[in-house]
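For reference, the structure is listed below as structure tokens.
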Amino acid sequence: MSDSRHQERQQRLKEKVDARVAEAQEERGILLVLTGNGKGKTTAAFGTATRAVGHGKKVGVIQFIKGEWPNGERNLLEPHGVEFQVMATGFTWNTQDKEGDTAACLSVWQHAKRMMADDTLDMVILDELTYMVAYDYLPLEVVLTALRARPAHQTVIITGRGCHRDILEMADTVSELRPVKHAFDAGIKAQLGIDY
């Protein structure tokens, strides 16, 4: 391809992109869902939170499931004013205490509702929320109501596999992470600073 044809093609592409940018003028928070079976949903959410904090935005984090093991993201972000509320129950997939886990979920959900009603928060991360809805620890309608009622400027990021279709419909942006290959499948142990 000649340089002039390449330049013409690139100019047409630039004009299309510029037109789309010019049309996108609404300013408000978004609902972003990071779902799918691939690794990196929480990591992507925390990357976005780090970007927000770097721009002087105020962020709150709710973590369902994570427990009390070392948390590099929390170590970095909490000293910068990011509030963390963690459902620290030792939740497991084959839990022996559904009643206790439900109570723990509903308890941390109170913090989520408070954060989503807080006009000073620019972003709220609901990490692993999808499981709480899927396993009936948290009623879907309660989640949808809180999402609808949040301040207009507030962005909410929801992570987890198997996101409910009603949350997906409500979302402005949905990214699905797909597994291609994972070190764990080759017997490589999860590593501090890489996997958690």
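Separation between the ILE30 and THR50 pseudo-spin-labels, each 7 Å from Cα along Cα→Cβ, expressed in nm?
2.0 nm
Against the longest principal axis of the chain, how steep is helix 41-54, in degrees 0 to 90 to the nearest 10, with axes from Cα atoms?
With rounding to tens, the tilt is 70 degrees.
Counting Lys and Arg as +1 and Asp and Glu as -1, each charge on the Cβ, what is the dipole of the chain about the Cα centre in debye, to the nearest 20?
Using Cβ point charges on Lys, Arg, Asp and Glu, the chain gives about 560 debye.
Once mean projected area of the Cα convex hull in nm² is worked out from the coordinates, which option in (i) 14.8; (ii) 11.3; (iii) 12.6 does it equal?
The value computed from this structure is option (i).
In the chain, which longest range has no GluC sites (Glu not before Pro) that are both DSSP loop (not H, G, I, E or B) and surrounded by at most 10 other Cβ atoms within 10 Å?
69-196
Report MET116's accessible area, 1.4 Å probe, all protein chains in place, as a number in Å² to the nearest 10.
The accessible area of MET116 comes to roughly 0 Å².
How long is the gain from ASP172 to ASP195 if the chain were fully straight, where each residue apart is worth 0.36 nm and the alpha carbon distance is subtracted?
Using 0.36 nm per residue and subtracting the Cα-Cα distance, I get 5.5 nm.
With a 1.4 Å probe and every protein chain left in place, work out the accessible area per residue of the chain in Å², rounded to a whole number.
Here the residues of the chain average 61 Å² of exposed surface.
Where does the longest stretch of the chain lie that holds no trypsin sites (Lys or Arg not before Pro) found in a DSSP loop with 11 or fewer other Cβ atoms within 10 Å?
After excluding every exposed loop site, the longest remaining stretch is 29-180.
Quick check: at a probe of 1.4 Å, how many percent of the accessible area of the chain sits on carbon and sulfur atoms?
Of the solvent-accessible surface of the chain, carbon and sulfur hold 51 percent.
With the crude spin-label approximation of a point 7 Å out along Cα→Cβ, what separation in nm comes out for GLU78 versus LYS14?
Rounded to a tenth, the inter-label distance reads 4.8 nm.
Report the gain in length on full extension from SER107 to SER4: 0.36 nm times residue separation, minus Cα-Cα distance, nm rounded to one decimal.
Stretched out fully, the SER107 to SER4 stretch lengthens by 30.8 nm.
What's the angle, to the nearest 10 degrees (0 to 90), between helix 3-23's Cα axis and the longest principal axis of the chain?
It is inclined by approximately 50 degrees.
Of GLN110, ALA190, LEU129, which is farthest along the charge dipole of region 68-196 in the positive direction, counting Lys and Arg as +1 and Asp and Glu as -1 at C-beta?
Ranked along the dipole, the leading option is ALA190.
Roughly what % of DSSP beta bridges within the chain run antiparallel, to the nearest 5?
For the chain, the DSSP antiparallel bridge percentage is about 0.
The values are calculated or read from the model by the stated rules, or taken from the named source; none is laboratory data. Please read all numbers here as calculations on a predicted model, not as lab measurements. Every residue, glycine among them, receives a Cβ derived from its backbone with ideal geometry; neighbour counts consider all protein chains shown. We work out accessible area using only protein heavy atoms, side chains counted, and drop any ligands, DNA or RNA first. Shrake-Rupley method; radii C 1.70, N 1.55, O 1.52, S 1.80 Å.
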